[in-house]
Amino acid sequence: MSDTTLRRRRAISPGQWIGRALVALVLLVFTAFFILPIVWLVLAPTKSNSQLLLDGPFSFGSFEQLAANWDQLFAFGSGVFTTWIGNSVFYSFSALVITLIVSIPAGYALALIEFRGRRLLLVTTLIVMLIPNTALVLPIFLELSAVRLIGSPLAVILPFSFFPFGVYLTYIYFSTAVSRDLLNAARIDGAGELRVFGQVAMPLATPVIALVGFFSFVGNWNNYFLPFLVVGGQKIPVQVGLSNLLANVPAFNPTTATSIVIELPTLALATLLSVAPILIIFLFAQRFLVEGMTAGGTKE
């Protein structure tokens, strides 16, 4: 060990060692608090109901039992779980397309175009963004009922498409990360505003498009309350469907009398499958997400 290393170690006082130990302990506790439930959830579908209750919480069951739980899940309601997943994909991606079509041009206009009412529109966007989604469920339900959309896929897709946070993110990005001189040079060369937006600004906005798209998709996919109120039957998404599965788990509902009883390991498998699309999209889009989060950190 070199003298320099020894001097550095001697320079650290006992108080600093205690502080570092406390920080490490707190981080370890929080890591265990968040990681251990995920590990349990991943291992639970590999067990039978009795193994889940009697064996060690972090023991592995068997691939045969995993297959049995898979068959039980997709046998429930004549394969209705597949329909729920398909509904969630349809609702989330349809709303995502509308969100991007609206949010990106809106953020661009608020950031780079001067027009009457611009400041009022920006302030309104910020205010609406701060309102909890649950506070908007009742007025949205009444609006959808007035136009007779309750029970229709549009009753889910249209409210999902309303994403003021995406407009604000795009506004911040275009305000800080896109050079106005570059856009002005395109205008001087004779490009109209639509061409400047489509051929100059949009290629530069790939990170924020990915960021807005990811946040919108995650919010839409995980939304439970609104779809629970506005659609039913075969049209519900998977998050609402999970509550139907929960109602057929004897451990949570001892009075269940359906022909197919869902056990806890099967419910855990359904939960994993319900979050799998988000994890897959995050893995493929994480480079763009990081760029989008950091692109507005410095002003050109």
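Among residues of segment 160-190 being out of contact with any helix residue (DSSP H, G or I) (no Cβ under 7 Å at 6 or more places or on another chain) and of a type in the set (Gly, Ala, Ser), the one that is surrounded by the most Cβ atoms within 10 Å (Cβ to Cβ) is ALA185. Does ALA285 satisfy being modelled with pLDDT of 80 or more, surrounded by 13 or more Cβ atoms within 10 Å (Cβ to Cβ) and not polar (S, T, N, Q)? No, not satisfied. Among the criteria (1) part of a helix (DSSP H, G or I); (2) at pLDDT below 85, the one MET1 does not fulfil is (1). Note on segment 123-142: among residues that are in contact with a Phe, Trp or Tyr (Cβ under 8 Å, 6 or more places away or on another chain) and open to solvent by 30 Å² or more (accessible area, probe 1.4 Å), the one that is nearest to PRO277 (Cα to Cα) is ASN133. If the condition is being aliphatic (A, V, I, L, M), farther than 12 Å from PRO265 by Cβ and in contact with a helix residue (DSSP H, G or I) (Cβ under 8 Å, 6 or more places away or on another chain), then segment 65-95 contributes VAL80, ILE85, VAL89, ALA95. The helices (runs of 4 or more DSSP H) located wholly in segment 133-230 that include 3 or more residues which are over 24 Å from the mean Cα position of the chain (by Cα) and modelled with pLDDT of 85 or more occupy 133-146.
Scanning segment 227-242 for residues that are closer than 21 Å to GLY166 by Cβ and surrounded by fewer than 21 Cβ atoms within 10 Å (Cβ to Cβ) gives a single hit, GLN239.
Would you call GLY86 out of contact with any strand residue (DSSP E or B) (no Cβ under 7 Å at 6 or more places or on another chain), open to solvent by less than 30 Å² (accessible area, probe 1.4 Å) and not polar (S, T, N, Q)?
Against the criterion (out of contact with any strand residue (DSSP E or B) (no Cβ under 7 Å at 6 or more places or on another chain), open to solvent by less than 30 Å² (accessible area, probe 1.4 Å) and not polar (S, T, N, Q)), GLY86 does not qualify.
When segment 45-64 is filtered for residues that are modelled with pLDDT of 90 or more and buried (at least 18 other Cβ atoms within 10 Å of the Cβ), the ones remaining, listed by number, are PRO45, THR46, LYS47.
Entry remark, segment 202-212: residues being surrounded by fewer than 23 Cβ atoms within 10 Å (Cβ to Cβ) and either touching a residue at least 12 places away in the same chain (Cβ under 8 Å) or touching a Cys at 6+ places or on another chain (Cβ under 8 Å) (or both) number 6 in total.
The values are calculated or read from the model by the stated rules, or taken from the named source; none is laboratory data. The model shown is predicted, which means the values in this text are computed figures rather than measured ones. Ideal geometry is used to build each Cβ from the backbone, glycine not excepted, and the neighbour counts take in all protein chains shown. These accessible areas exclude ligands, DNA and RNA; they are computed on the full protein's heavy atoms, side chains included. Shrake-Rupley method; radii C 1.70, N 1.55, O 1.52, S 1.80 Å.
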